[in-house]
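Asker: Got a structure for you, written out below as structure tokens; questions coming shortly.
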Amino acid sequence: MTRPERVAAQENVTTVKSDVLNTEALTEQLRGFEAVISAFSGHAQENVYDYYLKGFNSILAATQHASVPRLLLVGGAATLEVAPGKLLLEAPGFPAEYRATAEGAKTALETLRGQTAQAWTFLSPPPRFSPASVRVASGLAAIRYSPIAKATAVFLCRIMLSP
């Protein structure tokens, strides 16, 4: 986490400042964990796609070197199918300001699918978050999402697991 001071203190939650691009230090910080949830993003960077992949590859390497059994990666809606074989990323009108991150998440998902060294879960939230109640459907799960902001939203999330 880049700014642990932004996270409100909670029982059984420890925040630790990390540099996701320092694979060696990150590996040491992750030793002993049963799972790692990554919501890494490169939105604030000039070259979002390359930065996103550099960060993702560092996280993947660190979790594997630290022998973390499962990596959970929060991707984006772009990897959801809007029709059989057609991703939201490929749909007309996909917002240009999110394209680089979306393409990075798609590449990360392809990387996860191509490796067998570690179990993984890829979480694809919908394009819009809603605080309204949701129903759980086959292949979907209701997830409580708490960003650094104080608001809490509930959303449906497509969950893709490694074999």
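Asker: Residue by residue through the stretch 91-113, note down the ones that are within 13 Å of the chain's Cα centre (by Cα) and farther than 10 Å from residue 78 by Cβ.
Answerer: 107, 108, 112
Asker: Can you tell me which residues in the stretch 69-93 are part of a loop (DSSP other than H, G, I, E, B) and touching a strand residue (DSSP E or B) at 6+ places or on another chain (Cβ under 9 Å)?
Answerer: Passing the criteria: 69, 75, 76, 80, 91.
Asker: Follow-up question, since we're still on this one. Checking the structure you have, find out if any residue of the stretch 153-161 is modelled with pLDDT of 50 or more, closer than 26 Å to residue 23 by Cβ and touching a strand residue (DSSP E or B) at 6+ places or on another chain (Cβ under 9 Å).
Answerer: yes
Asker: Taking the stretch 27-60 only, how many residues are assigned to a helix (DSSP H, G or I) and surrounded by 15 or more Cβ atoms within 10 Å (Cβ to Cβ)?
Answerer: Adding up the residues that qualify gives 15.
The values are calculated or read from the model by the stated rules, or taken from the named source; none is laboratory data. Keep in mind the model is a prediction, meaning the values are calculated, not measured. Virtual Cβ from ideal backbone geometry, glycine too; neighbours counted across all protein chains shown.
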